Amino acid sequence: MKECFDNAQIQSVDQYVYHYTSLQKGLEYILADMKLRLSPLSEVNDPREYQILHPYFPDIDEYEAEENQERLNKIHEIRDYFNKFRNNHKVICFSRDSEQLFHVPQPYKRIYRGFNKPTLWSHYADNHTGLCLIFDKDKLIESLNKNFGSKKEYTIYTHNLVNYETLENHIEKLGIKYEDILNQGLEKALDDFISRNLSNFLFTKTLDWQVENEFRIMVYTISNERYLYLPVNDSLCGIVMGARLSSVYCESIKQFNIPCAQLEWKNGLPFLKNVLPAMR
């Protein structure tokens with residue numbers, strides 16, 4: 001069995017990361033081009049991230065702010081600022097193995113692998129008919145640094161793990177003091193606000209998403225590129241096919257010479273079948 005499929009070979013939860021996708025996107029784009037696409041935050045599926053931020057001033061009544069034209073203009077300027085912030089940050093998301101993998105007997109370790117998450121198969125892989133791609137994390141980061149690390153128009157974030165908290169805690173962090181805007185100027189006040197809350201904006205989600213156990217690659221760019229593309233030739237090490245994916249697609253997937261297997265469920269437990277090694 002290929003190493004990335006073998007539960008006994010897992011040394012750390014940071015060894016592999018997992019990207020769920022549809023069959024079409026997997027075959028026609030990721031595998032065909034051997035590249036992952038980093039998309040703007042405005043295109044992710046969490047409304048806390050994709051919606052334009054609607055700021056509020058905790059020291060001013062909401063209705064008072066909306067009735068004052070000057071403050072209302074500031075609100076629109078703030079929203080424009082954060083809209084640019086969302087679109088200039090490009091992201092690609094992955095899941096991880098769970099720490100619980102190291103605390104259960106061998107037969108149950110499979111439950112805690114990053115490619116065995118029913119919720120993610122349902123949401124991101126066309127209801128179990130798509131693919132889960134397995135990447136060597138260190139090699140993926142190596143490719144990231146090689147392709148974007150030395151170019152001045154890109155900034156790579158080194159904090160990659162998503163934190164999870166209650167929605168009310170997140171909302172409390174969105175308050176911007178109107179006094180700061182008046183004293184510092186809008187851009188300086190917002191730059192300072194972002195600096196203080198960067199992790200909250202880029203690497204924090206509400207508890208509803210906790211099952212994803214997310215690792216994300218985030219790149220900030222000052223260019224006008226809508227998308228960035230990350231080569232994965234050296235980091236892609238396995239493909240898991242969804243339990244509902246027809247076996248007729250096996251030949252199409254085998255052509256990429258990447259170790260692959262198909263997931264099946266028995267009494268709620270995940271198993272891999274038809275494990276095929278790469279022909280290299």
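The values are calculated or read from the model by the stated rules, or taken from the named source; none is laboratory data. Note that the structure is predicted; figures quoted are calculated from it, not measured. Don't worry about glycine lacking a Cβ; one is built from the backbone with ideal geometry, like all the others, and counts go over all protein chains shown. What goes into the accessible areas is simple: the full protein's heavy atoms, side chains included, and nothing from ligands, DNA or RNA. Shrake-Rupley method; radii C 1.70, N 1.55, O 1.52, S 1.80 Å.
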Looking across region 69-118 at residues that are of a type in the set (G, A, S) and touching a Gly at 6+ places or on another chain (Cβ under 9 Å), the single one that is surrounded by the most Cβ atoms within 10 Å (Cβ to Cβ) is S95
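Rundown of residues vs (1) within 24 Å of the chain's Cα centre (by Cα); (2) without any contact (Cβ under 8 Å) to a residue 12 or more places away in the chain, yes/no style:
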residue: I181; (1), (2): no, no
residue: S195; (1), (2): yes, yes
residue: L198; (1), (2): yes, yes
residue: L202; (1), (2): yes, no
residue: M241; (1), (2): yes, no
residue: V248; (1), (2): no, yes
residue: L272; (1), (2): no, no
Show the residue pairs that are 6+ apart or on different chains and have beta-carbon atoms under 7 Å apart, the first residue being within region 255-266 and among the acidic types (D, E), the second being assigned to a loop (DSSP other than H, G, I, E, B). E264/A243
Does I92 count as in contact with a strand residue (DSSP E or B) (Cβ under 8 Å, 6 or more places away or on another chain), outside any strand (DSSP E or B), at pLDDT 95 or above and of a type in the set (A, V, I, L, M, F, W, C)? no
Which of the numbered conditions does F135 fail, given that it passes all the others? Conditions: (1) within 30 Å of F115 (Cα to Cα); (2) of a type outside the set (S, T, Y); (3) in contact with a helix residue (DSSP H, G or I) (Cβ under 8 Å, 6 or more places away or on another chain). (3)
Return yes or no: is N257 open to solvent by 10 Å² or more (accessible area, probe 1.4 Å), closer than 20 Å to H19 by Cα and out of contact with any helix residue (DSSP H, G or I) (no Cβ under 9 Å at 6 or more places or on another chain)? yes
Only listed residue being farther than 24 Å from S246 by Cβ, exposed (fewer than 14 other Cβ atoms within 10 Å of the Cβ) and either touching a Phe, Trp or Tyr at 6+ places or on another chain (Cβ under 9 Å) or at pLDDT below 90 (or both), chosen from P47, P55: P47
Exclusive hit being crowded, with 16+ Cβ neighbours inside 10 Å and either farther than 27 Å from A32 by Cβ or not aromatic (F, W, Y) (or both), set S150, S199, S122, S143: S143
Can you pull out every residue in region 139-154 that is touching a Ser or Thr at 6+ places or on another chain (Cβ under 6 Å), of a type in the set (D, E, K, R) and not in a helix (DSSP H, G or I)? E153
Hey, can you tell me all the residues within region 153-188 that are surrounded by 15 or more Cβ atoms within 10 Å (Cβ to Cβ), modelled with pLDDT of 90 or more and of a type in the set (A, V, I, L, M)? I156, V162
Check whether at least one residue in region 125-138 is touching a strand residue (DSSP E or B) at 6+ places or on another chain (Cβ under 7 Å), open to solvent by 10 Å² or more (accessible area, probe 1.4 Å) and assigned to a loop (DSSP other than H, G, I, E, B), and report yes or no. no
Filtering region 31-43 down to residues that are within 14 Å of F94 (Cα to Cα) and of a type in the set (A, V, I, L, M, F, W, C), which residue is nearest to the chain's Cα centre (by Cα)? L38
